[in-house]
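> This structure is in structure tokens; I'll ask about it shortly.
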Amino acid sequence: MEEILARGPYHILVVDDNSPDGTGRLADKLASEHDGRVFALHRRAKEGLGKAYAAGFKWGLARDYDVLFEMDADFSHNPSHLSQFMREIEKGADVVLGSRNIKGGGTRNWSLLRQVISKGGSLYARLVLLSPYRDLTSGYKAFRRRVLESLDIDNIASNGYSFQIEVTYRAHQMGFKIRETPIIFHDRKLGTSKMSSKIVLEAMLVVWRIRLSRPARREGSGVRGQGITQREP
């Protein structure tokens, strides 16, 4: 968190889904220590990854941030990449994807099985959705305000890891400019991965629902700080 705050005029929101590991208490402590730059959003129960991100985005939109990031709070997403995202935004991108699967990107300390699942899942989604983006499952992203307003995130049906896929797919359908920037994804330093065979199967099925659904229409516009949503590990 200190690394993020030192890198620019960023504000941080930690979304806590009533985690039993004390995430909420820690978030409150950090918010009190960094008054006006760190905030905590407490939700009553775990409702899924997508719902947590949607709550964070709505929080940021309600406070008139121009650019909103999403990233994990377990040190897998390195704050050193933030400047890359902002450069792409300043060059005109509406959405920036932190990509492990383009030149300069990659993973560290992953097992072969996890690499196969990650790259295979992204390739599967690309083929089904006819998408040009190499890392559809990335959870390190930056959005211009107008993208999230147009997406109407309450209507994003996906809630697990497929939430990442659907958000990018809908933004692409609407004609927003999407760019990928290389990131190095380090295996988490805190917590344990929530990935399971059930989640993988769900994502595979959801991709087809996304593909067969009605095309998203672009409605609304308008752009106005920089905010970062960190999901609890």
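The values are calculated or read from the model by the stated rules, or taken from the named source; none is laboratory data. Computed from a predicted model, the values in this text were never measured in an experiment. All Cβ positions, even for glycine, are placed from backbone atoms using ideal geometry, and neighbour counts span all protein chains on display. For the accessible areas, the whole protein counts, side chains as well, though only heavy atoms, and no ligand, DNA or RNA atoms are used. Shrake-Rupley method; radii C 1.70, N 1.55, O 1.52, S 1.80 Å.
> Given the residues Ile117, Ile102, which is the only one that is farther than 15 Å from Leu13 by Cα, open to solvent by 20 Å² or more (accessible area, probe 1.4 Å), among the β-branched types (Val, Ile, Thr) and at pLDDT 95 or above?
Answer to the check: Ile102.
> Which one is least open to solvent (accessible area, probe 1.4 Å) among residues in region 27-45 that are touching a helix residue (DSSP H, G or I) at 6+ places or on another chain (Cβ under 8 Å) and of a type outside the set (Phe, Trp, Tyr)?
So the residue we want is Val38.
> So, one more: Find all pairs meeting these conditions: Cβ atoms under 7 angstrom apart; at least six residues apart or on different chains; first residue within region 1-14 and closer than 24 Å to Ala54 by Cα; second residue acidic (Asp, Glu) and surrounded by 14 or more Cβ atoms within 10 Å (Cβ to Cβ).
Matching pairs, first to second residue: Val14/Glu232.
> Still on this structure, I have one more. Among (1) touching a helix residue (DSSP H, G or I) at 6+ places or on another chain (Cβ under 7 Å); (2) buried (at least 22 other Cβ atoms within 10 Å of the Cβ); (3) modelled with pLDDT of 95 or more, where does Leu61 come up short?
Single failed check for Leu61: (2).
> Tell me, which residue of region 158-189 that is among the charged types (D, E, K, R) and not in a helix (DSSP H, G or I) is farthest from Gln84 (Cα to Cα)?
That would be Lys189.
> If you don't mind, there's one more thing I want to ask. Please work out which one of (1) open to solvent by less than 60 Å² (accessible area, probe 1.4 Å); (2) modelled with pLDDT of 95 or more is the condition Pro132 fails and give its number.
All conditions are met except number (1).
> Sticking with this one: Give me a count of the residues in region 176-213 that are exposed (fewer than 12 other Cβ atoms within 10 Å of the Cβ) and either at pLDDT 95 or above or of a type in the set (Lys, Arg) (or both).
The total comes to 3.
> Turning to a different aspect of this structure: Is there a residue in region 32-52 that is closer than 21 Å to Gly160 by Cβ and among the aromatic types (Phe, Trp, Tyr)?
no
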